[in-house]
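As structure tokens, the structure follows; a few thoughts come after it.
The values are calculated or read from the model by the stated rules, or taken from the named source; none is laboratory data. Everything numeric here is computed off the predicted structure, so don't read it as measured data. So basically every Cβ, Gly included, is an ideal-geometry build from the backbone, and we count neighbours across all protein chains shown. Quick note on the areas: whole protein, heavy atoms, side chains included, nothing else; ligands and nucleic acids left out. Shrake-Rupley method; radii C 1.70, N 1.55, O 1.52, S 1.80 Å.
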Amino acid sequence: MMLKRKVGALLITAVALLGADFQEGVNYTKLDQPLNVEKNTIVKVFSFTCPFCYKYDKAVTEPVITQVLKDKPEASFEVWHLYSKGKYGQQGSNLMAVARARDIKAGITSVFDKHGLLKKMKFTYYKAYHDKNQRWDSGEDDFYKAGFEILGISSKADFEKEVASPEVQELLKRWEPAYPIAKIQGIPAFVVNGKYLLKTQAIKSRDYMVELVEYLLKK
Amino acid sequence: MNCKITDFWRDLKTSPINTIARWQDARFLWIVMAAAAMMLLLTAHNLFQHYVYMAPCEQCVYIRFAFFCMVFGGIIAAIKPSQIVLKIVGYILGFWGIIQGIIYSIKLNTIHHAAHGDDPFGVQGCSAEPSFPLGLPLDSWFPDWFLPTGACGFDNPIPPEGVEFSALQQWLIDFYSEGWYLIPSMHLVNMAQACLFAFIVCFILLGAMCISWIIRDLFRKDNNQTLAE
């Protein structure tokens, strides 16, 4: 009987410890160089070539962030494409930025909006890369094909003109720190308030991630 | 007379420590270590990467680095194993490679499970770029060998489009279409587990060599001391 009670007490302590304060270095990393973003911003760094980004976007990111935004409506969520990863990293970033700029113009604020072009772009390239194993060996034009279709663009010149527009350039500039962030522990990478990078390895469940993000938003 | 395999076995049975210690004073075992590691490297690079189009992942190129440490360790010791400095360098490089290799293999196995299962949690994700021990920029020096071009946790073949393959090549591509496994149809023993097994075998063998050497030479010193007294 004593043993049972002891084990019970131990379990309660363990649960309390798990649910209690998150620790720097264990659950998250404090960035030496904070991102220049507004308060209450959650940033996700991803690449369409990264299988774990795809996995997270299929089953984790949307439910977790939706819950966080429900609990803390003042928070906002951004996704930054990593330009440096893969043969078509920069081209991928250009496509994603054009898609996002158009979404913003159309008043689509949430990246999870099913009408959003960014969401469509992301999943089109995730699927092409991971499900269909496409690598676009014949070159850039081949890579751009699917993206141009989504955007309704017929020539590369038109696309390049749109990439050069101030809205798209501003986004690409904003996404540049994706690289130093990704170098710390890989991607997907989630940064809260521009200062706290979640330790991906420590994320055990969706609920844990919701709690950790909300904890860091309050910090 | 000593060259005969039966004699080797007899010696090993009657005085194992002295026999193994004597062997590691000779070139043979060191060459075996270097050759075995080199053979695995060539299989991975020439057969799997180039012939079957299985692009290496991040942990996979680290595992290559670990095997290269063993190759160099074996070669350096084999120059003159009786020379104590060369032998120590051989042991250090060998053990360092093996231990690194074990760590990388375990990590690759975890990533492999997370990448192939329904639960993506518990792994660090995919790195932006590789980082080798001692900060060696091996990926820019020898990209063909050390630049990870495969997605992390995946090693299935991705053949270029519109290319005709030989019958054997096509068969291998189909055989490993879901990634490398010892028995692909059952998804039994993945690349990480196979590498882990290889490193553990090397660890046991090199460990036996090293321990026999230390024990014999310590005893020899004891003997000398007693004689001097």
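Results for (1) buried (at least 17 other Cβ atoms within 10 Å of the Cβ); (2) within 14 Å of chain B (Cβ to nearest Cβ); (3) more than 22 Å from A:Glu170 (Cβ to Cβ); (4) touching a residue at least 12 places away in the same chain (Cβ under 8 Å), shown as yes or no for each residue.
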| site | (1), (2), (3), (4) |
| --- | --- |
| A:Arg102 | yes, no, no, yes |
| A:Gly107 | no, no, no, no |
| A:Val111 | yes, no, no, yes |
| A:Leu118 | yes, no, no, yes |
| A:Gln134 | no, yes, yes, no |
| A:Asp137 | no, yes, yes, no |
| A:Asp142 | no, yes, yes, no |
| A:Lys145 | no, yes, yes, no |
### Message
Being over 25 Å from A:Met209 (Cβ atoms), buried (at least 17 other Cβ atoms within 10 Å of the Cβ) and either aromatic (Phe, Trp, Tyr) or in contact (Cβ under 8 Å) with a residue 60 or more places away in the chain (or both) is the filter here; which residues of the range A:55-100 pass it?
### Response
A:Tyr83, A:Tyr88, A:Ser93, A:Asn94, A:Ala97, A:Val98
### Query
If only one of B:Ser105, B:Ser166, B:Ser127, B:Ser131 is out of contact with any Gly (no Cβ under 8 Å at 6 or more places or on another chain), within 14 Å of chain A (Cβ to nearest Cβ) and either buried (at least 19 other Cβ atoms within 10 Å of the Cβ) or more than 30 Å from B:Ala21 (Cα to Cα) (or both), which one is it?
B:Ser131
### Enumerated helices (runs of 4 or more DSSP H) restricted to the range B:116-229, each holding at least 2 residues that are β-branched (Val, Ile, Thr)
B:191-228
### Task
Restricting attention to the range B:180-210, report how many residues are surrounded by 14 or more Cβ atoms within 10 Å (Cβ to Cβ) and either over 19 Å from B:Ala36 (Cβ atoms) or charged (D, E, K, R) (or both).
3
### Query
Is one or more of the residues making up the range A:179-190 more than 13 Å from every other protein chain (Cβ to nearest Cβ) and open to solvent by less than 30 Å² (accessible area, probe 1.4 Å)?
no
## Note on the structure
Within the range A:40-59, residues touching a Cys at 6+ places or on another chain (Cβ under 6 Å), within 17 Å of A:Leu118 (Cβ to Cβ) and at the interface with chain B (Cβ under 7 Å from one of its Cβ atoms) come out as A:Cys50
